[in-house]
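Data block below; observations after.
Every number in this text was worked out from the coordinates using simple rules, so none of it is lab data. Not measured: the values here are computed from a predicted model. Cβ coordinates were reconstructed from backbone atoms using ideal geometry, including for glycine residues, and neighbour counts include every protein chain displayed.
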């Protein structure tokens with residue numbers, strides 16, 4: 001335990017020192033590091049697959065479930081896609097040093113803001129080796145140093161990928177300690193990482209709810225977190241029903257296991273008889289289990305009975321809770337009570353109701369006439385995404401490069417003093 | 001103790017409920033509440049002074065120091081200035097609902113950001129009753145609810161001011177619970193306030209270092225904090241020496257007890273003999289105690305000997321540490337080692353060195369040819385200031401109305417679904 005503390009302290013100190021270099025690195029050097037890393041990853045494909053095989057073998061021996069093993073496994077395609085991802089990050093504009101809002105004040109000074117890195121980012125994630133390359137890439141481009149703590153099942157893969165990143169940094173004459181993979185699989189290392197305030201500026205956990213809840217409970221370092229995605233689509237009585245059916249279908253069935261999939265469908269009373277049978281036929285045809293109360297089941301008899309718990313549930317599966325509401329007020333109230341402030345969408349042609357929904361629903365993404373599945377850094381044009389924040393402090397919604405930066409004030413004077 | 005827990009929970013629940021109303025309040029209602037509060041404060045001047053007298057009397061009986069009693073005391077002037085402050089906040093643009101960066105994406109959706117309140121702000125401050133009106137005003141205008149916990153020595157004054165605010169809220173048909181003063185002087189109430197994550201979104205402590213350090217150590221709720229202000233002015237070898245003397249004089253002596261006053265002066269070796277004797281004569285004439293090492297004392301014999309501790313110290317007093325450095329690199333290194341990331345200024349006519357200082361000094365305000373005393377919400381044009389953050393997460397530097405808000409994503413579609 002004492003050794004872990006010392007090891008993590010050394011990692012933290014090295015990261016802090018590297019972060020000062022990274023903050024001053026110019027755009028060309030950071031892009032060179034990203035592109036060189038991509039090249040190393042492509043070149044060392046055979047080695048990466050061999051190292052990954054050790055992880056996969058151990059995971060199978062330990063009886064890890066098939067889905068986890070699938071996420072753990074690297075192949076030709078996933079390796080190229082890691083390299084592609086790094087090259088895409090290199091293409092993005094450099095957020096660091098960007099000066100905005102530089103304005104003269106009556107005293108004659110010019111005041112503005114300059115975008116700066118946060119410093120050292122700790123990233124804690126499950127056994128998905130591609131996150132190692134992805135997170136390293138975002139941190140390099142945003143001028144931060146990072147400490148990566150991936151799932152212990154991926155330790156061989158992560159070390160091999162980190163080795164490529166470090167070669168990339170070296171090629172650009174940037175400090176190798178800018179990206180460090182925690183080499184200790186003991187959980188106590190996480191406990192250190194999330195409490196080393198002197199060395200770590202922010203923690204980004206990526207993974208299941210229980211992991212994130214535990215980390216934010218114990219952390220002393222600020223956490224950019226993403227808890228549940230209990231997303232809603234509300235079909236208003238003034239909805240274009242063709243749009244409504246297209247959006248509600250897509251929001252639920254385009255992909256099931258994702259945080260921006262709809263989990264509860266709300267339908268205005270006066271259009272329920274018109275829209276629910278048509279829409280539910282589509283769901284049932286795709287194998288989606290439907291859950292509702294008596295009034296919904298009267299329209300769609302195949303529906304199972306919903307319990308109070310259902311309205312709170314992020315299924316991440318082909319299951320959908322359905323509720324008929326009196327109208328907009330009840331829909332907003334339902335979302336406020338049961339939602340998770342992730343993503344909610346209204347389908348309506350009514351201007352005033354659209355504006356009210358946008359203003360009154362307190363979620364990180366609020367939409368009109370669009371599928372909740374658009375809540376995503378790439379779809380929003382951020383170019384990359386380190387996660388989706390359901391917090392309000394610092395970053396909200398999809399977090400791209402900007403979410404890993406801060407802004408300092410700059411003042412340009414010509415000898416001014418204060419009276 | 002159980003009673004305090006229950007009391008604070010009730011305060012938190014009421015604040016959370018009020019925050020939903022405040023988030024949707026329109027600009028006119030919020031301005032009406034602010035102006036009505038100002039009116040009540042002016043009308044009840046006699047009552048406020050009477051209530052304040054109880055606090056002042058108790059404070060004197062308890063042997064509070066003169067400076068603290070001075071900050072505690074309300075008079076005609078301070079009462080009018082509280083009212084003026086509220087009316088000024090009413091004049092500021094409403095940040096809430098502001099939509100920015102609304103852009104079309106290739107999929108046809110429009111993605112942008114809408115500014116929203118944080119929710120419930122907990123403000124913890126010392127025995128300065130004017131902060132009660134000031135903080136309440138900023139929270140009302142930014143659509144937040146707040147829980148105010150002022151120093152126990154000001155409890156009668158704070159209650160009387162809060163009563164005016166609540167009358168103001170009532171006049172605008174806004175919930176009185178939008179501004180609550182904690183009625184319990186027991187310190188355990190603070191412990192509850194900073195850990196009630198369900199009811200409080202952010203804590204803003206205003207006060208001494210030790211208070212803030214303790215709060216951020218124990219808080220479970222995010223804290224916008226302001227620790228030391230160890231501010232530097234660096235006089236470069238290519239400085240205009242007249243500007244340098246004017247700025248270094250102003251930064252130290254315009255006011256001593258403030259966080260943006262200079263505490264350490266750095267001077268480039270090659271101009272030290274020219275500038276230090278002239279500048280130090282001004283300081284000595286104003287009664288500023290100077291501290292330096294041998295090389296500085298060789299130029300200014302009246303200087304006392306500085307210890308290592310001096311370079312870290314925020315004097316908040318007529319004391320100044322002075323160090324001669326080789327040049328820009330050593331100045332930046334000194335600031336990185338001993339500074340507190342608050343405000344630092346370079347005096348130089350050299351473009352490249354000015355740009356390097358702006359980019360390389362990692363402080364919340366970085367200046368060229370201007371006095372550090374400008375680091376202030378009003379001077380920066382924020383119109384108001386709840387504090388100065390030395391954090392990097394969320395808000396950095398002077399925090400105005402915007403620092404009490406967040407941004408959510410909004411998506412405007414016309415039936416789009418994701419492929």
- Note on the structure: For segment A:203-256, Rg(Cα) over 2.2 N^0.38 Å is 1.71
- Output field shielding_mean for A:339-348 (other chain Cβ, 10 Å radius) holds 1
- Item | segment B:194-267 and segment A:155-226: distance between their alpha carbon centers, rounded to Å | 30
- Query: Taking segment B:313-396 as the region of interest, what is the percent of Cα-Cα pairs per 10 angstrom bin, listed from the shortest bin to the one with the maximum distance?
  - Reply: 15, 47, 32, 6
- Any idea how far the Cα center of segment A:45-84 sits from the one of segment B:352-383, in Å? 49
- What 222 nm value per residue comes from the helices of chain B, counting each DSSP H run with n ≥ 4 as -39,500 (n - 2.57) and dividing by all residues, nearest 500 deg cm²/dmol? -14000 deg cm²/dmol
- Task: Could you list B:238, B:98, A:217 in order of exposure, starting from the residue whose Cβ has the fewest other Cβ atoms within 10 Å?
- Result: A:217, B:98, B:238
- Given the options A:91, A:407, A:110, which has the most mean-square fluctuation in a GNM of chain A, springs set between C-alpha atoms less than 10 angstrom apart? A:110
- Candidates A:84, A:70, A:228: whichever shows maximal mean-square fluctuation once chain A is modelled as a Gaussian network with Cα springs under 10 Å: A:70
- Message: If I model a spin label as a point 7 Å beyond the Cα along the Cα-Cβ vector, how far apart are those points for residue B:312 and residue A:273 in nm?
- Response: 7.7
- For residue A:186 and residue A:198, extending 7 Å from Cα along the Cα-Cβ vector and measuring point to point gives, in nm, a value of 2.0
- Arrange the following residues from fewest to most other Cβ atoms within 10 Å of their Cβ: B:259, A:164. B:259, A:164
- Task: For the protein assembly as shown, give the share of DSSP beta bridges that are antiparallel, in percent and rounded to the nearest 5; count only bridges with both residues there.
- Result: 25
- Note on the structure: Rounded to a whole number, the mean other protein chain Cβ count within 10 angstrom for residues of A:354-366 is 4
- Note on the structure: Under the 7 Å Cα-to-Cβ spin-label approximation, residue A:305 and residue A:20 lie apart by a distance in nanometres of 6.7
- Determine the shape class of segment B:1-109: with a ≥ b ≥ c the square roots of the Cα gyration tensor eigenvalues, call it rounded for a/c under 1.5, and otherwise prolate if a/b is greater than b/c, oblate otherwise. prolate
- Tell me, what is the percent relative contact order of segment A:284-419, built from C-alpha pairs under 8 Å that lie six or more residues apart? 14
- Message: Taking just the alpha carbons, could you work out the radius of gyration and Dmax for segment A:51-173, both in angstroms?
- Response: 19.3, 71
- Query: Across peptide B:377-385, how many C-beta atoms of other chains are within 10 Å of each residue C-beta, on average?
  - Reply: 3
- According to the square roots a ≥ b ≥ c of the eigenvalues of the Cα gyration tensor, what is the shape class of segment A:284-328, taking rounded for a/c under 1.5, prolate for a/b larger than b/c otherwise, and oblate for the remainder? oblate
- Message: Among B:195, B:337, B:264, which one shows the highest mean-square fluctuation when chain B is modelled as a Gaussian network with alpha-carbon springs under 10 Å?
- Response: B:337
- With the 8 Å Cα cutoff and a minimum separation of six or more residues, segment A:183-309 has a relative contact order in percent of 17
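Quick one: order A:313, A:352 by neighbouring beta-carbon count within 10 Å, fewest to most.
Ascending number of Cβ neighbours within 10 Å: A:352, A:313.
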- Query: Which order, highest average first, do B:48-56, B:154-162, B:75-83 follow once you tally other Cβ atoms within 10 Å for each residue and take the mean per peptide?
  - Reply: B:154-162, B:48-56, B:75-83
- Item | Chain B Cβ-axis minimum, rotational copy A, residue and distance in Å | B:394, 2
- Task: Quote the relative contact order of chain A in percent (integer), defining contacts as alpha-carbon pairs under 8 Å separated by 6+ residues.
- Result: 18
- Note on the structure: Measuring from the longest principal axis of the C-alpha atoms of chain B, the long axis of helix B:155-171 (C-alpha) lies at a number of degrees, nearest 10, equal to 50
- Determine the principal axes of the Cα atoms in the protein assembly as shown, then give the extent along each, sorted from largest to smallest and rounded to whole angstroms. 91, 71, 48
- Could you please state, rounded to a whole Å, how far the C-alpha centre of segment B:1-21 is from the C-alpha centre of segment B:317-337? 48
- Message: Rounding to the nearest 10 and keeping the result within 0 to 90°, find how far the Cα-based axis of helix B:129-141 lies from the longest principal axis of chain B.
- Response: 60
- Note on the structure: Between the Cα axis of helix A:2-24 and the main Cα principal axis of chain A, the angle (0 to 90°, nearest 10) is 90
- Task: Please pull out the direction-averaged projected area of chain B, using the convex hull of its alpha-carbon atoms, in nm² to one decimal place.
- Result: 24.7
